[in-house]
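The values are calculated or read from the model by the stated rules, or taken from the named source; none is laboratory data. What you see is a predicted model, and the numbers here were worked out from it, not measured in a lab. We place every Cβ from the backbone using ideal geometry, glycine too, and count neighbours over all the protein chains shown. To get the accessible areas, we keep the full protein, side chains included, count just its heavy atoms, and leave off ligands, DNA and RNA. Shrake-Rupley method; radii C 1.70, N 1.55, O 1.52, S 1.80 Å.
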Amino acid sequence: DDREPWITADGNTIFFKSDRLATSEPRNANDLFMTRRVNGEWSTPERLPFPISTDAGNEHCPAVLQDGRTLCFASMREGGYGGSDIWCTQQGADGGWQEPVNQGPSINTAAEEFHFTQDKSGMVYFTSARPGGFGGMDIWAAMQLGENNWGPAVNLGPQVNTASADMCPALPPGDGTISWFSNRSDNSFGSIDIFWTNKTNLTLEP
């Protein structure tokens, strides 16, 4: 199960989640992997080592912020608020990954949070099942105030969110639109479809 690819801005690195090295004792379902394009060929994927991939965390949904250095991902590791939380890390001068930092209560709750993606203004969009939404999974947004520091999370409103599962936001080129997955019942070909809207249609008032 290889999915949730994140391609870096230069097009030469892909981060993704995979269960290719899953184990039952100890239980380890998903880890994060990376492959690089060298001379037009993709390298053999390598698992990102601890402290990113862990036995208990079930790491998934990798994403790189606009600074090009900060790798964020979802994990159920200890020290979070419950469920999957969003954590971020950077590579140190020696190339090793620093201890991931939980992104705090503006982003994470006792519910599920995953799938970070950031636009050029610094606004990050993510999936959450927190209270206060329209039901099921909703897409929320928060403005970056500094490193590992975010303003209050705001629900994107009824143009995007419904009583169904609305999740996994993506930002197409041009920065004027947003797309996502949904199994909403009001406009669907069945099961989960892909939707998009102009950002001007979003409700981002706290």
Among the residues of the range 132-147, is there at least one that is of a type outside the set (Phe, Trp, Tyr), within 24 Å of Glu59 (Cβ to Cβ), in contact with a Cys (Cβ under 8 Å, 6 or more places away or on another chain) and without any contact (Cβ under 8 Å) to a residue 60 or more places away in the chain? no
By my count, strands (runs of 3 or more DSSP E) wholly in the range 130-206 with at least 2 residues that are touching a helix residue (DSSP H, G or I) at 6+ places or on another chain (Cβ under 9 Å) and over 21 Å from Phe114 (Cβ atoms) are none
Would a scan of the range 106-113 turn up a residue that is in contact with a Lys or Arg (Cβ under 8 Å, 6 or more places away or on another chain) and β-branched (Val, Ile, Thr)? yes
Listed by first then second residue, the pairs whose first member lies in the range 13-27 and is charged (D, E, K, R), whose partner is exposed (fewer than 13 other Cβ atoms within 10 Å of the Cβ) and assigned to a strand (DSSP E or B), with beta carbons under 7 Å and at least 6 positions apart or on separate chains, are Lys17/Arg3
Report whether or not Ala74 is open to solvent by 30 Å² or more (accessible area, probe 1.4 Å) and either small (Gly, Ala, Ser) or closer than 22 Å to Arg3 by Cβ (or both). no
Here is a check on your reading of the model: is Asp85 acidic (Asp, Glu), open to solvent by 70 Å² or more (accessible area, probe 1.4 Å) and out of contact with any Ser or Thr (no Cβ under 6 Å at 6 or more places or on another chain)? no
Might you check whether a residue that is open to solvent by less than 40 Å² (accessible area, probe 1.4 Å), aliphatic (A, V, I, L, M) and modelled with pLDDT under 95 occurs anywhere in the range 179-194? no
Within the range 39-63, restricting attention to residues that are open to solvent by 80 Å² or more (accessible area, probe 1.4 Å) and without any contact (Cβ under 8 Å) to a residue 12 or more places away in the chain, which residue is farthest from His115 (Cα to Cα)? Asn39
Flagged in the range 76-94 as more than 16 Å from the chain's Cα centre (by Cα) and part of a strand (DSSP E or B), in numbering order, are Gln91
Gln66: passes all of (1) farther than 28 Å from Lys199 by Cβ; (2) open to solvent by 70 Å² or more (accessible area, probe 1.4 Å) but (1)
